[in-house]
């Protein structure tokens, strides 16, 4: 059988991993993005991202995360690049609001994910960087950690090119029927995969926009204390702090400590500058003072403004366009796609070439809001 002519639109981690998987399957793949690979507008930008298996009661994503971890390690060995650091992840369970964490420990037991459960006093002994008077317990996942996000994208783009894939620069839009267009002409290919992240919403106002919300996330990096390595990744884990709507990563490769308080922020994707809001800076500093007394008084050394496309149930989108049978959606990150990218790309590739259909949870139709207890992301 002759290889298919496939176009992947969007060179973030979802599009790149899908394109790489298809190219390695023997297909003829062209990857199109508006800007250079790894550009700073993308949702896949920033220095690092958390990789962890915690997904509440959802075994599906837990298993995907575990498989993705192995594939990231394989890509790291293949490329010779430092793509992942297993510094662990600490999941803080707030007193009286532990449904998601309680469910996760049960799922870990079922799936076989290594973890430790620490009491408040054990957290303080094991990780003295954290101040935890409001925490009932914590789950520590030692095989979790961080992905070096920008490096991951560029490395996988390079692997895609080495496999014979083609990367092109161009802006893909849609016409009134939501057919993909390039330079005013319809895109022609056996399969067109749309992996444009938040831009998917505005490109498909009838199909995708009604089931998604685009939000901005403000992130700051705080300097580590002078002469101390306590907040470096060798001594401190990543963390998830749902009670404070926060997450963060230790300093890696000199970045400083990354922290975000997730306050949904509006963004005009094409016209807004990627600058964090003053009020979000103040909120994040207050959080750092509360949770990390050793960082009080340290200076902000960097900041990032990221954006995500959020679905009501926080499940991804992998489905065919209802009117254009060669257009396949691949995205809906809901803030937790990056770590899953190797498995996600493989799954999308299989759907694209007809090896299998998509999963019900990934279909465009039938979306509903989930409670935090039900949601795999805890939101």
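Here, each number is a calculation from the coordinates, and none is a lab measurement. Keep in mind it's a predicted model, so treat the numbers as computed, not measured. Here the Cβ positions follow ideal geometry from the backbone for every residue, glycine too, while neighbour counts run over all protein chains shown.
Before moving on, here are some points about what is shown:
- Residue order for 370, 22, 147, fewest other beta carbons within 10 angstrom first, comes to 370, 147, 22.
- Fraction of beta bridges assigned by DSSP in the chain that are antiparallel (%, nearest 5): 70 percent
- Pairwise label distance in nanometres, residue 36 with residue 365, each label 7 Å out on the Cα-Cβ vector: 4.5 nm
- Estimated inter-spin distance, residue 188 and residue 122, nm [label 7 Å along Cα→Cβ]: 6.4 nm
- Segment residue 209-residue 86, extension gain: residue separation times 0.36 nm, minus the distance between their alpha carbons: 40.7 nm
- For the pair residue 131 and residue 278 in one chain, pulling the backbone fully straight at 0.36 nm per residue adds 50.4 nm over the alpha carbon distance.
- Order of 244, 168, 339, 185 under a 10 Å beta carbon neighbour criterion, fewest first: 185, 168, 244, 339
- Listed residues 51, 263, 240, most fluctuating in the chain (Gaussian network, C-alpha, under 10 Å): 263
- Correct option for semi-axes √(5λ) of the Cα gyration tensor in Å [calculated from the coordinates] among [x] 35, 21, 20; [y] 32, 26, 18; [z] 29, 25, 20: [x]
- In terms of other Cβ atoms within 10 Å, 353, 261 run from fewest to most in the order 353, 261.
- Taking every Cα-Cα distance in the stretch 56-127 and sorting them into 5 Å bins from zero, the calculated P(r) comes out as 3, 13, 19, 20, 17, 14, 9, 4, 1, 0 percent.
- Once the Cα-Cα distance is subtracted from the 0.36 nm per residue extended length, the residue 228 to residue 202 segment shows a gain of 4.7 nm.
- Debye intensity ratio in log₁₀ form over the Cα atoms of the stretch 159-259, taken at each q of 0.16, 0.20 Å⁻¹: -0.86, -0.98
- Cα centroid separation - the stretch 229-261 against the stretch 349-368, whole Å: 34 Å
- Alpha-carbon centroids, the stretch 1-56 and the stretch 101-140: separation in whole Å: 34 Å
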